[in-house]
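S.K.: Mind looking over this structure? Questions follow.
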Amino acid sequence: MVISFSSSALIKGPFDWAYQLEDLGYTGWEIVNEGRQKLTADNVSDAKKIAETTSLHITLHLPYSDLNLASMNQPIWEETVRQMKACLTLGADFATLAVVHPGHLSPLGAQLPDAAWEQNVLGIQQICDHAADLSMTIGVENMVNMPALLGRVPSEIIGIMDNVDRENLGFVLDVGHAHTNGNLDQFLAQLRPRIIHAHIHDNHGERDEHLPVGFGTVDWNMVVSAFDGFSGRFVTEARSLAEGQRSMTRLKKLMGGA
């Protein structure tokens, strides 16, 4: 059982605190490429040093703020793909997997949903192809309950993956996101064999609270049962190191670990 830590909330010294993760029991770190954690030419050496001087397994979460893989505004779409490719290139020396959010329907996209869908598929294809050149895998993540977002239901994730049709594309199940849509059981039933990575956090089924495991209403016994034999990585997405550790401790207990 391998567990990584991830947080977009920790912005003070966003690389330094990674050195604490092994002492807390983590075996990996997922870098959220947002804000001060965003990999750049100036700070990538700091992230690489962490990978080289610790035993942490590094994964990436591609940027998403103000970006849209389903954009009908071609320069915005091109910039979205460019930034995601640039992130992959920067992290290729120390990461082999990157998580991507599907796009969303803009006001124009809502009028032309089929065209926006095609943009989203094309964008993920380009990202997968770039990742393949770097010997990296892409995981597409299911999204939280916001009507404009693509990938909130199993059929859309299946449709994205089947239409992108790339061998280096897998599914990242975000347990908390699925719970806000009331379809966690459906995701586990329909896509469990395609899950390569999992984001772990809790909520009360209404919004994306990112609570520690057991502090919301997710049926964790169902989750643990469904993940029996899972060989991928669990990532606790938390608001603080302390809350992440609570999730990790609870998850290990549920799975019969130490």
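The values are calculated or read from the model by the stated rules, or taken from the named source; none is laboratory data. Keep in mind it's a predicted model, so treat the numbers as computed, not measured. Glycine gets a Cβ as well: all are built from the backbone with ideal geometry, and neighbour counts include every protein chain shown. Keep in mind that these areas ignore ligands, DNA and RNA; they rest on the heavy atoms of the full protein, side chains included. Shrake-Rupley method; radii C 1.70, N 1.55, O 1.52, S 1.80 Å.
S.K.: Per 0.36 nm of contour for each residue apart, how much would the distance between GLU52 and SER155 grow if the chain were fully extended, relative to their Cα-Cα spacing?
M.R.: That pair, GLU52 and SER155, stretches by 33.1 nm at full extension.
S.K.: At a 1.4 Å probe, what is the % contribution of carbon and sulfur to the accessible area of the chain?
M.R.: Details: 5470 of 11230 Å².
Carbon and sulfur atoms account for 49 percent of the accessible area of the chain.
S.K.: Would any residue of the stretch 204-221 have its amide N under 19 Å from a label point 7 Å out along Cα→Cβ of MET146? List them or say none.
M.R.: Within reach of a label on MET146, which here means backbone N under 19 Å from a point 7 Å along Cα→Cβ, the stretch 204-221 contributes 204-211.
S.K.: Moving on. Across the chain, how many lysine pairs, 8 or more apart or on two chains, come within less than 28 Å at their alpha-carbon atoms?
M.R.: Value for the chain: 9.
S.K.: Let me ask you something else. In nm, to one decimal, how far is the modelled label at LYS12 from the one at ALA41, with both set 7 Å along Cα→Cβ?
M.R.: Reported label-point gap for LYS12 and ALA41 is 3.2 nm.
S.K.: How high is the FRET efficiency from SER225 to GLU22, r the C-beta distance, R0 30 Å, rounded to 0.05?
M.R.: Values: r = 29 Å, r/R0 = 0.97.
For SER225 and GLU22, the calculated efficiency is 0.55.
S.K.: Continuing with this model, one more query. Place a +1 charge on the Cβ of each Lys and Arg in the chain and a -1 charge on the Cβ of each Asp and Glu, then give the dipole magnitude about the Cα centre in debye, rounded to the nearest 20.
M.R.: The calculated dipole for the chain is roughly 520 debye.
S.K.: Follow-up. Label point 7 Å out from SER135 along Cα-to-Cβ: which residues of the stretch 87-123 have amide N under 13 Å?
M.R.: 92-97
S.K.: Of the listed peptides 76-87, 119-130, what is their order by residue-averaged count of other C-beta atoms within 10 Å, with the highest listed first?
M.R.: 119-130, 76-87
S.K.: Given the Cα-Cα distance of LEU122 and ASP93 and 0.36 nm per residue of separation, how much length would full extension add, in nm?
M.R.: 7.9 nm
S.K.: With the crude spin-label approximation of a point 7 Å out along Cα→Cβ, what separation in nm comes out for GLU167 versus ASN73?
M.R.: Roughly 3.8 nm, to one decimal.
S.K.: A follow-up question, please. Would you calculate, for the chain, the mean residue ellipticity at 222 nm contributed by helices, counting each DSSP H stretch of 4 or more residues as -39,500 (n - 2.57) and dividing by all residues, to the nearest 500?
M.R.: Result for the chain: -12000 deg cm²/dmol, rounded to the nearest 500.
S.K.: Calculate, for the stretch 108-258, the solvent-accessible area per residue in square angstrom, rolling a 1.4 angstrom probe over the heavy atoms of the protein chains.
M.R.: Heavy-atom accessible area per residue stands at 43 Å².
S.K.: What net charge do the residues around SER225 carry, taking every other residue with its C-beta under 12 Å from that of SER225, with Lys and Arg at +1 and Asp and Glu at -1?
M.R.: -2
S.K.: Restricting to the chain, compute how many DSSP beta bridges are antiparallel as a %, nearest 5. Don't jump to the answer; show the numbers that get you there.
M.R.: Working: 2 of 33 bridges.
Around 5 percent antiparallel, to the nearest 5.
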